[in-house]
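> Sharing a structure here in structure tokens format.
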Amino acid sequence: MSLVRLSGILIWSLVWAAGPVAGQDKSVPGALPSERLVESRSAVTIGGQKIDYVANTGNILLRDDEGKPQASIFFVAYHRVKVTEPGPNPMGQPAPVVVTPPDAARPITFCFNGGPGSSSVWLHLGAWGPRRAVMPESGEQPMPPSKVGDNDLSLLDVSDLVFIDPVSTGYSRAAPGVDPKKYHGVQEDVAAVGEFIRLYLTRHQRWGSAKFIAGESYGTTRAAALAAYLQDSLGIDLSGVVLVSSILNFGTARFDDGHDLPYPLFLPSYTATAWHHKRLPGDLLGDLKKALTESEQFAAGEYPQLLMKGDKLTGEERTALAKKIARLTGLSEDYVTRSNFRIEIQRFCKELLRDQARTVGRFDSRLKGVDADMVANRPESDPSYAAVFTAFTGAANQYFRRDLKYDTDLKYEVLTGRVQPWDFGARNTFLNVGPQLAGAIRKNPGLRVFVASGYYDLATPYFATDYTLNHLGLDAEMKKRITTSYFEAGHMMYTHRPSHEKLRKDLAAFYGVK
């Protein structure tokens, strides 16, 4: 083990085989990086308070029972520290800055995104890290080039943070000779991330900390399964699970022949979208909550009951059903009828603003897109993904190299298809990790769950999340440990400044900060 001090940067190089110079990594595809840690110190102002912190950027090697490297997991961790500047000594020379080591008793949160195939860049440089990709407050696509700025809504004053890139995402890779498909599945992924967390807690002496995990999108699937795995297989007790834009039961969001459940669960999000774009009747346009209440009541009652009748619907029932769905979606009665009263997500995104030659986003349906072919039945791309992809990719690449001093020639895989086909571990059924989360809640009386949902999220609709939470089979006392929060934004609600402020406030309360 070697330590190098360069202009305030501490660079650890833990070399398991002959490798590059510490702090430099000119890795090429097919080569496994040396295990190393680059440490830097900085500060951010949160709520008017200066928060000094140490950033640890590096990778941890996962090994088999014989000690042979199997994969390299890239991470960035932030630990709050106390910095004292004592001033000049009696000889008139400036005294060295004193940095108190991180407090091992502070809460620590392990964060990841989803995909499958996504790095943690979204929660890292969008939501909770001390630095963030600069976006307009509305969440619209920023003008190039990408920029990085301070994040005054970071959670670093509340908890230390560790952002994890699962195998094949970010800079994380399987070892040479190891098939990466070994990690491209629900249980395999959970085991790998769980082992990383165990190693991190051990090396940084954080077993005594209050431990949280936080996931977004498929990252919530990972988090729910991971909560059970950490507890049952590794003996790691969690204090909290944070779920952002949640999907635990894939049956709520998979449009399939003979499977009617998603249609009513998506309806309130269609209503929110139509409300935003002023496509609803006048009596529903004044109040979003009023429109959503009507949509939710219909989606939980009459709508699924009528869908169950299938071809037995009478002509009168068909006319009334088309009229009601059209009222709550902004689509024409004719289109609703020709769709057999079942509006699939991509068709909705294409059809709602077809008369304006515009589409709406899947991740954030407030945003509009333009297709070359306006007669197709599906959008060519998602404008809400385009709004963030280059901004976050550019921000990540400059931030890791320039600010964190982590140099590598590897491509940072922001969202990769290399993990496909993903093994969902289900045969003739839909993956549902809700029972695993419920089991963890039953076994651990100290485990609490926070769930954040966006009204304009058409990827993981909020009403589908509500349905899943209502089917966990928990008693009244256990349900009190689940906190839900809703936002007038999309899948990445933190790209919308007012929603980001609310998310920060709600999470501070969840962590117990006044």
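> Given the structure, is V414 at pLDDT 95 or above and out of contact with any helix residue (DSSP H, G or I) (no Cβ under 6 Å at 6 or more places or on another chain)?
No.
> Could you name every one of the strands (runs of 3 or more DSSP E) located completely within segment 16-121 that has at least 2 residues being farther than 22 Å from D165 by Cβ and modelled with pLDDT under 95?
Where strands (runs of 3 or more DSSP E) fall fully within segment 16-121 and carry at least 2 residues being farther than 22 Å from D165 by Cβ and modelled with pLDDT under 95, they are 82-84, 98-100.
> Pairs under 8 Å by beta carbon, first residue assigned by TED's automatic domain parsing to the domain that holds Y263 in segment 281-300, partner among the charged types (D, E, K, R), six or more apart or different chains?
Within 8 Å, the pairs are P281/R327; L284/K290; L284/E294; L284/R327; L285/K278; L288/E488; F298/K324.
> Could you count how many residues in segment 259-275 are of a type in the set (A, V, I, L, M) and in a loop (DSSP other than H, G, I, E, B)?
1
> For the condition on the phi < 0 side of the Ramachandran plot, in contact with a strand residue (DSSP E or B) (Cβ under 7 Å, 6 or more places away or on another chain) and not charged (D, E, K, R), what is the one hit in G240, G208?
The unique qualifying residue is G240.
> Let me ask something else. Can you tell me which residue in segment 338-386 is farthest from A489 (Cα to Cα), limited to those that are within 27 Å of the chain's Cα centre (by Cα) and among the acidic types (D, E)?
So the residue we want is E380.
> Given the condition surrounded by 22 or more Cβ atoms within 10 Å (Cβ to Cβ), basic (K, R) and either closer than 19 Å to A274 by Cα or not assigned by TED's automatic domain parsing to the domain that holds A175 (or both), answer yes or no: does some residue in segment 353-365 qualify?
yes
> Shifting gears a bit: Test Y511 against the stated conditions and say whether it is surrounded by fewer than 21 Cβ atoms within 10 Å (Cβ to Cβ) and of a type in the set (F, W, Y).
yes
> Is it true that some residue in segment 234-246 is within 30 Å of F112 (Cα to Cα), under 21 Å from the mean Cα position of the chain (by Cα), at pLDDT 95 or above and surrounded by fewer than 20 Cβ atoms within 10 Å (Cβ to Cβ)?
yes
> Could you pull out the residue among Y200, Y263 that is assigned by TED's automatic domain parsing to the domain that holds T169 and of a type in the set (F, W, Y)?
Only one candidate qualifies: Y200.
> Answer yes or no: is there a residue in segment 147-155 that is outside any strand (DSSP E or B), surrounded by 21 or more Cβ atoms within 10 Å (Cβ to Cβ) and touching a Gly at 6+ places or on another chain (Cβ under 7 Å).
So far as segment 147-155 goes, yes, one or more of its residues are outside any strand (DSSP E or B), surrounded by 21 or more Cβ atoms within 10 Å (Cβ to Cβ) and touching a Gly at 6+ places or on another chain (Cβ under 7 Å).
> Now, a different point. Taking the condition at pLDDT 95 or above and assigned by TED's automatic domain parsing to the domain that holds K323, does F348 pass?
Yes.
> In segment 227-241, what count of residues is obtained for those that are aliphatic (A, V, I, L, M), closer than 14 Å to A438 by Cα and outside any helix (DSSP H, G or I)?
2
> Can you tell me which residue among S159, S138 is farther than 29 Å from V419 by Cβ and either within 16 Å of the chain's Cα centre (by Cα) or of a type in the set (S, T, Y) (or both)?
Exactly one residue qualifies, and that residue is S138.
> Is it the case that L226 is within 22 Å of the chain's Cα centre (by Cα), among the hydrophobic types (A, V, I, L, M, F, W, C) and assigned by TED's automatic domain parsing to the domain that holds A464?
Taking the combined requirement at face value, the residue satisfies it.
> Would you be able to say whether some residue in segment 276-296 is at pLDDT 95 or above, touching a Lys or Arg at 6+ places or on another chain (Cβ under 6 Å), under 30 Å from A214 (Cβ atoms) and outside any loop (DSSP other than H, G, I, E, B)?
The answer is yes; a qualifying residue exists.
> Then there is this: Might you check whether a residue that is within 26 Å of I236 (Cβ to Cβ), assigned to a loop (DSSP other than H, G, I, E, B) and in contact with a strand residue (DSSP E or B) (Cβ under 6 Å, 6 or more places away or on another chain) occurs anywhere in segment 489-502?
Checking segment 489-502: not a single residue is within 26 Å of I236 (Cβ to Cβ), assigned to a loop (DSSP other than H, G, I, E, B) and in contact with a strand residue (DSSP E or B) (Cβ under 6 Å, 6 or more places away or on another chain).
> Are any residues in segment 205-217 in contact (Cβ under 8 Å) with a residue 60 or more places away in the chain and surrounded by fewer than 24 Cβ atoms within 10 Å (Cβ to Cβ), and if so, which ones?
The answer is Q205, R206, G208, S209, A210, K211.
> Continuing with this model, one more query. Find the residue count for segment 165-206, including only residues that are closer than 21 Å to L230 by Cβ and assigned to a loop (DSSP other than H, G, I, E, B).
Total satisfying the criteria: 8.
> Do the conditions hold for S209, that is, is it among the polar types (S, T, N, Q) and within 21 Å of the chain's Cα centre (by Cα)?
Taking the combined requirement at face value, the residue does not satisfy it.
The values are calculated or read from the model by the stated rules, or taken from the named source; none is laboratory data. It should be emphasised that the depicted structure is a prediction, and the values quoted were computed from it without experimental measurement. Cβ atoms come from the backbone with ideal geometry, glycine included; neighbour counts cover every protein chain shown.
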